[in-house]
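Student: Take this structure first; my questions come after.
The values are calculated or read from the model by the stated rules, or taken from the named source; none is laboratory data. Only a predicted model underlies this, so the values are computations on that prediction, with no experimental measurement involved. Neighbour counts run over all protein chains shown; Cβ positions are idealised from the backbone, glycine included.
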């Protein structure tokens, strides 16, 4: 890992500034998580405002209520010297909340018979196959 750190330290230009900013944001995220015990993501720091993302609305509300003592502590530690305000956005982590595949709705026997009748009346094989498959749900 030392080789990668040496390469990153010797970089220059726009890529280097982006890497340094990402490293700063990671340090800031870990400090915030230690102070508050909330999982956060730092979006950006613009115009003396720190933009954070949290997975739930409850955490966003908690962070908004505790923002001033929280900001003063981070300023005291030297992590965000110029930040005066905090903006919190809710962004649920979709990777953790595995979405449940929706089961197809059961169709009535009347609809089954209508679909089979339409399948029998059509001249298109692909449509016929689709209608028959749909009628078997």
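Student: So how many residues does segment 78-112 have that are in contact (Cβ under 8 Å) with a residue 12 or more places away in the chain and farther than 21 Å from residue 53 by Cα?
Tutor: 6
Student: Give me a count of the residues in segment 29-66 that are touching a residue at least 12 places away in the same chain (Cβ under 8 Å), under 19 Å from residue 83 (Cα atoms) and in contact with a strand residue (DSSP E or B) (Cβ under 8 Å, 6 or more places away or on another chain).
Tutor: 17
Student: Exposed (fewer than 15 other Cβ atoms within 10 Å of the Cβ) and at pLDDT 85 or above: is that true of residue 91 in this structure?
Tutor: When the stated conditions are applied, residue 91 passes them.
Student: Could I ask something else about it? With the structure loaded, tell me whether residue 30 is surrounded by fewer than 15 Cβ atoms within 10 Å (Cβ to Cβ), farther than 30 Å from residue 134 by Cβ, modelled with pLDDT of 85 or more and not assigned by TED's automatic domain parsing to the domain that holds residue 137 or whether it fails that test.
Tutor: yes
Student: Here is a further query. With 77, 96 as the choices, which residue is in contact with a helix residue (DSSP H, G or I) (Cβ under 8 Å, 6 or more places away or on another chain) and modelled with pLDDT under 85?
Tutor: Only one candidate passes the filter, namely 77.
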